[in-house]
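The values are calculated or read from the model by the stated rules, or taken from the named source; none is laboratory data. Treat the numbers as computed from the prediction; the structure is a model and nothing was measured. Here Cβ is always computed from backbone atoms with ideal geometry, including for glycine, and neighbour counts include all displayed protein chains.
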Amino acid sequence: MSNNLRFKTSKFIDETYRVSFKFNNKTYFGFKGDTLASALLANGIHLVGRSFKYHRPRGIMTSGSEEPNAIIQLHDNSSRTEPNVRATEVEIYEGLVASSQNCWPSVNFDIGGINNLLSPILPAGFYYKTFMWPASFWEKYEYFIRKSAGLGKSPKVADPDIYEHNYIHCDVLVIGAGISGIMAAKMAAKNGFKTLLVDEKSYLGGSSIYDNSEFSKINNQLTSSWLEKEINEISKLENLEIKIRTSVAAYHGYNFLLARESLTDHLPINQRDNKVRHRLLKIRAKKVITATGSIERPLIFDNNDRPGILLSSAIKKYIDLYGVACGENNVLFTNNDTAYETAMSLIQRGIKINAIIDNREQVDSKICYEVEKNNIKIYKGFSVVDTYGYRRINKISIMKLSKDGQTVIGDKTKLNCDCLGVSGGWTPAVHLFTQSGGKLKFREEDQVFIPDVYPSDQISVGSCNGDFGLDEIIKNTLSSLKKFLNIDNSEYKTLEIISGLNQSKRNIWLLPSDKTIGKTKSFVDYQNDATSKDIKLALREGFRSIEHVKRYTTTGMGTDQGKLGNMHALGIISETAGTKMGEHGTTTFRPPYTPLTFGTIVGRNVGEFFDIFRRTPIHDWHVKNNAEFENVGQWKRAWYYPKENENMHQAVQRESKAARDSAGILDASTLGKIDIQGTDASEFLNRVYTNAWSKLAVGKCRYGLMLNEDGMVYDDGVTTRLGENHYIMTTTTGGAANVLGKLEDYLQTEWPELDVYLSSVTDHYATISVCGPNSKKIVSKVIPDLDFSDENFPHMSFKNAKIGNIKCKVMRISFTGEQSYEINIQANFGKSVWEKCMDAGKDFNITPYGTETMHLLRAEKGFIIVGQDTDATLTPIDLQMDWIVSKKKYDFIGKRSLYRSDTIREDRKQLVGLLTENPEEVLEEGAQIVSDVKKSPIEMLGHVTSSYYSPNLKKSIALGVVKSGKNMLGQKLIIPMENKNINVIVADPVFFDKEGKRLNAKL
Amino acid sequence: MFLINCPFCGEREQSEFKAGGEAHIVRPKQPTELSDDEWAEYLFMRKNIKGVQFERWNHIHGCRKWFNMVRDTSNDQIKAVYKMGEKPPVK
């Protein structure tokens, strides 16, 4: 560590605590309190990365979250590896490992640097222009472009860290703990507001906490000393919660904000286990005070991106906060007074300042005189026109600015330096304000956008509100807070403030050069390598909107979102186009303010919690019996039960055969069940189903089809009349919640006069379906007290019964075409009754079957599955289900739509059966159906919706929708596949037991 | 994210609610007597206003009641909420 660069006087650095870390495989030392950036600078390292497009050497530019250049890969090759981390925000810890990105083989020698030499042929829009022709080559180009794109490496294994989400409600949220944020938090908390103060840094006080300047004092104390006492005071306030390392990422409407609290990133790796790494705070605040400060602007001149060029305020912070000098021979380049504060800090530590280059002709504030008194040469009315040095700046050349600032004149002077501090004035950090929907206004005097119209109960104070002088900040913060919080007592007696800076500035967005613009590289967006030349090119090519220029040049589209350069881009656009800044507005500020890790966003919703699922009461039995599961809606449903080495096909064939030959058993608990009661229940069903319900006798079941108002099939299921005014409706598994919602909607909004009550009882019952020729024998054993004779208990009827003491509802209904009984019992008895059925069915080879077999069996019968054979474009008529649409009923949901000009078209897609010419060939679901493969383009007539090999028919069967399919019975159609065309014959969709004999067959 | 004042439950997070499209579109009492065009008007045609809009909302993860809301879509300010069947309290 070079002793020349570290000043052992900063109270923020613990010099007794040495920390070793690795950067690009070399070990360095820093101290506790350092950031990676300050520790690297203390070691004399400026070059940390390569730029995105031209691979130019880049160094640390700032000291905070606005950093565009010093983005690094943290934790190489581990599960915690993280790309694009700003070195300026990483607090160092023992064992930290970091490396440069976007360079190969190393940051010092990077092959990609050739792009810099090629830059004349890589202008804005290069990719758009070059790789357009021939269009068919894009896939080849894309491969290479993708390879060279992107920064850093993403982790390849699961993230070991824990993340969580947390809701916070508060009266007042204060964002930013700089001087105005601290004052705001104190005023709010002391006046009875439950207050939360957050700051992205690891310390409180913002830039004032290291402001030891004699030129800005409060009550005759150094600003830093005064502020320290304030912080000390507020940390004892009960009404105030303070969160550091907490960055507000998003400010949404109604004062809803997202913030990331970083909890372990600053700890040594071995102290992080089992701790929450990041917490995403979801904050709902009654009032919000934004005190996010401002970001220093760079200056735009030729080669303004070399390592060793920093913001002047960053140089000051590295000295005053971290005790680190960024260079031993400094030059400052400014258009305002800020750089003179940096100069005073350098002078106090005895660090050499070679010169100050000031755009302004007149430099006359107190601090400037003081700097001049220290024999620092100030070049007034000058500008930097070029810089030199490849991996680190070593020289600059300067020239006199013309009166209008449009050109440079006179001789070129060269000055040596190893560090150049630049200051182009300040940009209020209005990002969060605009995210919340706030409208900005442009202040011509100092060329800044400041908050104008607030969309919610909020206020901006301090420099994010455009107040830059200490006196202005404090005075305006106090007065606007009194109003905002509606309080008389500001908690602050008269404050005497001395401010040695004046706010004069000579704003030139793009500084002139002695070269033509085509020969310069003046970077506006450092991270994306967008130069002033690119912006001018975009304007020449006709782009006018800022949003378009942004996308064409990629200005402001890096991970830093152009925190430094966006204003300059706007300035250059308006200067070049001759328009007014205020009229342009800004590009949209979008969340997050600084990037969030995916872990933070996802929180605990990982692994099995990624998507919640529902289990039936019989689930454990299925698991025990080797079931494979399928997701249906949120349910885990048994899919099939492979025995020994069976694959899915074999298992399904066996199950399907068994169900028709003897007996099958299915867990149907997932079907939606809605309990419907009320004196108008029958009328209600009449209105929601296509068929008639009034005449359904108590104890009988009926299948119903539900449409949308547009006439398209929405859901189906069997509804049973339990009593005069009492029904239970079943819905599809996936549709249950939506059907209930739809029914409630109609009841509440269209038919409030109906006396009908709905309750979802899906979870209350376990439903066991026993089917097959031997099903009656099995259920008779399970429920011996019930008379299962066809006379007493015919198809489509219902009985209350008891299994021991367990009440059950039994329906004789069928989705397989076999005799079939559905036993509904209270959910917690589900498994025991299932086991009873299995036991009773032992002698009949009762075979548990899953959803796949259920689908196959119903396809043999041509029964539709809503959502598989239908897709919200099919009417009951299209499905050849005319029989279920009542002709007599005056109205039901969707009725009027069934004879719209579009729904009565003959050539609509209609459901048909499909039989392959080769009975062994099974079609692919989703495959296209055509009639002629020779005529190009081939007309698509429809597609296959369901397809199986039927073990009961010993042939392949399929359902599909085909244009005018109803009239095509017996016709040949073609299913074109990748390697072959499959011939099919259009058939009736009912393949098995067309007469339905098996439902009542005596066996 | 909005804070919505459910007329039955009070102020709740938007995540508890579901938006249900334009309000005050009454289902025709005698659909069969409508022409295709008239039926299509009810079925398909919806306003999409930049400015004050009348909307249906459902407190789906709360009381499950439907209600109406007056919202300015240009700035998401909720001007009023009122029960089904009630007249809008603002124009």
For this session: Kindly check whether there is at least one residue in segment A:894-905 that is surrounded by fewer than 21 Cβ atoms within 10 Å (Cβ to Cβ), out of contact with any helix residue (DSSP H, G or I) (no Cβ under 6 Å at 6 or more places or on another chain) and away from chain B (no Cβ under 14 Å).
Result: no
Problem set entry | All strands (runs of 3 or more DSSP E) inside segment A:142-257 with 1 or more residues being over 22 Å from A:Pro83 (Cβ atoms) and within 14 Å of chain B (Cβ to nearest Cβ) | A:162-175, A:246-252
Problem set entry | Among (1) more than 26 Å from the chain's Cα centre (by Cα); (2) assigned to a helix (DSSP H, G or I) - the single one A:Thr579 does not satisfy | (2)
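Would you point out the residue of segment B:3-55, among those that are acidic (Asp, Glu) and within 15 Å of the chain's Cα centre (by Cα), that is surrounded by the fewest Cβ atoms within 10 Å (Cβ to Cβ)?
Start the filter on segment B:3-55 by keeping residues that are acidic (Asp, Glu), which leaves B:11, B:13, B:16, B:22, B:33, B:36-38, B:41, B:55.
Right, trim to within 15 Å of the chain's Cα centre (by Cα) and you get B:22, B:55.
On the way: B:Glu22: 14, B:Glu55: 18.
Among residues in segment B:3-55 that are acidic (Asp, Glu) and within 15 Å of the chain's Cα centre (by Cα), the one surrounded by the fewest Cβ atoms within 10 Å (Cβ to Cβ) is B:Glu22.
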Problem set entry | Hits in segment A:591-642 - residues which are in a loop (DSSP other than H, G, I, E, B), within 30 Å of A:Pro160 (Cβ to Cβ), touching a strand residue (DSSP E or B) at 6+ places or on another chain (Cβ under 6 Å) and touching a residue at least 40 places away in the same chain (Cβ under 8 Å) | A:Pro591, A:Pro592, A:Tyr593, A:Thr594, A:Leu596, A:Gly603, A:Arg604
Seminar exercise, completed: When segment A:848-864 is checked residue by residue, the ones that are crowded, with 24+ Cβ neighbours inside 10 Å and of a type in the set (S, T, N, Q) are A:Thr853
Exercise. How do the pairs read when you match residues in segment B:19-46 that are within 8 Å of chain A (Cβ to nearest Cβ) and among the acidic types (Asp, Glu) with residues anywhere that are exposed (fewer than 15 other Cβ atoms within 10 Å of the Cβ) and in a loop (DSSP other than H, G, I, E, B), using Cβ under 7 Å and keeping only pairs 6 or more apart or on different chains?
Worked result: B:Asp36/A:Ser901
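Filter segment B:47-91 down to the residues that are among the hydrophobic types (A, V, I, L, M, F, W, C), closer than 24 Å to A:Asn255 by Cβ and away from chain A (no Cβ under 13 Å) and list them by number. Walk me through it before giving the result.
Going through segment B:47-91, the residues among the hydrophobic types (A, V, I, L, M, F, W, C) turn out to be B:49, B:52, B:54, B:57, B:60, B:63, B:66-67, B:69-70, B:78, B:80-81, B:84, B:90.
Still in the list and also closer than 24 Å to A:Asn255 by Cβ: B:52, B:57, B:60, B:67, B:69-70, B:78, B:80-81, B:90.
If the condition is that a residue be among the hydrophobic types (A, V, I, L, M, F, W, C), closer than 24 Å to A:Asn255 by Cβ and away from chain A (no Cβ under 13 Å), then B:Val52, B:Met69, B:Val70, B:Ala80, B:Val81, B:Val90 are the ones that fit.
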Exercise. Are any of the residues in segment A:784-795 within 14 Å of chain B (Cβ to nearest Cβ), part of a loop (DSSP other than H, G, I, E, B) and either in contact (Cβ under 8 Å) with a residue 24 or more places away in the chain or aliphatic (A, V, I, L, M) (or both)?
Worked result: no
Exercise. Residue check, A:Val385 against (1) at pLDDT 95 or above; (2) farther than 30 Å from A:His55 by Cα; (3) in contact with a strand residue (DSSP E or B) (Cβ under 6 Å, 6 or more places away or on another chain); (4) surrounded by 15 or more Cβ atoms within 10 Å (Cβ to Cβ), all met but one. Which one?
Worked result: (2)
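Here is a list: A:Asn274, A:Asn270. Which entry is polar (S, T, N, Q), assigned to a loop (DSSP other than H, G, I, E, B) and at pLDDT below 95? Don't jump to the end; show me each part of the working.
On the way: A:Asn270 fails: assigned to a loop (DSSP other than H, G, I, E, B).
From the options A:Asn274, A:Asn270, the qualifying one is A:Asn274.
For the structure I just gave you, tell me whether A:Ile450 is farther than 30 Å from A:Pro57 by Cα and at pLDDT 95 or above. Outline the logic, then answer.
Details: farther than 30 Å from A:Pro57 by Cα: yes; at pLDDT 95 or above: yes.
Answer is yes for this residue.
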Exercise. Which is outside the structural domain of A:Ser224 (by TED's automatic domain parsing), crowded, with 19+ Cβ neighbours inside 10 Å and among the small types (Gly, Ala, Ser), of A:Ser545, A:Ser504, A:Ser532?
Worked result: A:Ser532
Exercise. If you go through segment A:892-912 one residue at a time, do you hit one that is in contact (Cβ under 8 Å) with a residue 60 or more places away in the chain and in a strand (DSSP E or B)?
Worked result: yes
For this session: Considering each of A:Gly425, A:Gly500, A:Gly518 in turn, give the residue that is at positive phi and either away from chain B (no Cβ under 14 Å) or polar (S, T, N, Q) (or both).
Result: A:Gly425
Seminar exercise, completed: Given the conditions (1) within 12 Å of another protein chain (Cβ to nearest Cβ); (2) closer than 24 Å to A:Ile283 by Cβ, every one holds for B:Cys9 apart from (1)
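Only one residue in A:Ile487, A:Ile450, A:Ile473 is part of a loop (DSSP other than H, G, I, E, B) and within 25 Å of A:Val288 (Cβ to Cβ), so which one is that? Steps first, answer last, please.
On the way: A:Ile450 fails: part of a loop (DSSP other than H, G, I, E, B); A:Ile473 fails: part of a loop (DSSP other than H, G, I, E, B).
Only one candidate qualifies: A:Ile487.
Out of all the residues in segment A:341-368, which are in contact with a strand residue (DSSP E or B) (Cβ under 8 Å, 6 or more places away or on another chain), outside any loop (DSSP other than H, G, I, E, B) and either outside the structural domain of A:Leu420 (by TED's automatic domain parsing) or over 16 Å from A:Arg297 (Cβ atoms) (or both)?
Here is the first cut: in segment A:341-368, the residues in contact with a strand residue (DSSP E or B) (Cβ under 8 Å, 6 or more places away or on another chain) are A:342-343, A:346-347, A:351-363, A:368.
Adding the requirement that they be outside any loop (DSSP other than H, G, I, E, B) leaves A:342-343, A:346-347, A:352-358, A:368.
Within segment A:341-368, A:Ala343, A:Leu346, A:Ile347, A:Lys352, A:Ile353, A:Asn354, A:Ala355, A:Ile356, A:Cys368 meet the criteria.
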Seminar exercise, completed: Apart from one, (1) assigned to a strand (DSSP E or B); (2) touching a helix residue (DSSP H, G or I) at 6+ places or on another chain (Cβ under 8 Å) all hold for A:Val288; the odd one out is (2)
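Residue check: is A:Gly405 part of a loop (DSSP other than H, G, I, E, B), more than 19 Å from A:Arg590 (Cα to Cα) and touching a Pro at 6+ places or on another chain (Cβ under 8 Å)? Can you show your working first?
Working: part of a loop (DSSP other than H, G, I, E, B): yes; more than 19 Å from A:Arg590 (Cα to Cα): yes; touching a Pro at 6+ places or on another chain (Cβ under 8 Å): yes.
It is true that A:Gly405 is part of a loop (DSSP other than H, G, I, E, B), more than 19 Å from A:Arg590 (Cα to Cα) and touching a Pro at 6+ places or on another chain (Cβ under 8 Å).
Criterion first (outside any loop (DSSP other than H, G, I, E, B), outside the structural domain of A:Lys895 (by TED's automatic domain parsing) and under 49 Å from the mean Cα position of the chain (by Cα)) does A:Lys831 satisfy it?
Yes; evaluated as a whole, the condition is true for this residue.
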Exercise. Within segment A:441-450, is even one residue surrounded by 23 or more Cβ atoms within 10 Å (Cβ to Cβ), of a type in the set (A, V, I, L, M) and more than 30 Å from A:Leu47 (Cβ to Cβ)?
Worked result: yes
Problem set entry | Contacts under 6 angstrom Cβ, first residue in segment A:231-249 being on the phi > 0 side of the Ramachandran plot, partner part of a strand (DSSP E or B), 6 or more apart | A:Arg245/A:Ser262
Seminar exercise, completed: Taking first residues from segment A:21-35 that are not assigned by TED's automatic domain parsing to the domain that holds A:Tyr322 and second residues anywhere that are crowded, with 17+ Cβ neighbours inside 10 Å and of a type in the set (D, E, K, R), the pairs with Cβ under 8 Å that are 6 or more apart or on different chains are A:Gly33/A:Glu91; A:Asp34/A:Glu91; A:Thr35/A:Glu89; A:Thr35/A:Glu91
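So, A:Glu917, is that one surrounded by fewer than 19 Cβ atoms within 10 Å (Cβ to Cβ) and closer than 26 Å to A:Ser956 by Cα or not?
Numbers: surrounded by fewer than 19 Cβ atoms within 10 Å (Cβ to Cβ): yes; closer than 26 Å to A:Ser956 by Cα: yes.
So A:Glu917 fits the description; yes.
Please go through segment A:457-469 and give me each residue that is farther than 14 Å from A:Ala291 by Cα and either part of a helix (DSSP H, G or I) or at pLDDT below 95 (or both), ordered by number. Reasoning before the result, please.
Going residue by residue through segment A:457-469, those that are farther than 14 Å from A:Ala291 by Cα are A:457, A:469.
Matches in segment A:457-469: A:Gly469 only.
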Exercise. Where in segment A:1-51 are there strands (runs of 3 or more DSSP E), lying fully within it, with 2 or more residues that are surrounded by fewer than 18 Cβ atoms within 10 Å (Cβ to Cβ)?
Worked result: A:14-23, A:26-32
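Could you list all residues from segment A:270-285 that are over 18 Å from A:Ala249 (Cα atoms) and buried (at least 16 other Cβ atoms within 10 Å of the Cβ)? Break it down into steps so the answer makes sense when it comes.
Going residue by residue through segment A:270-285, those that are over 18 Å from A:Ala249 (Cα atoms) are A:270-276.
Passing the criteria: A:Arg272, A:Val276.
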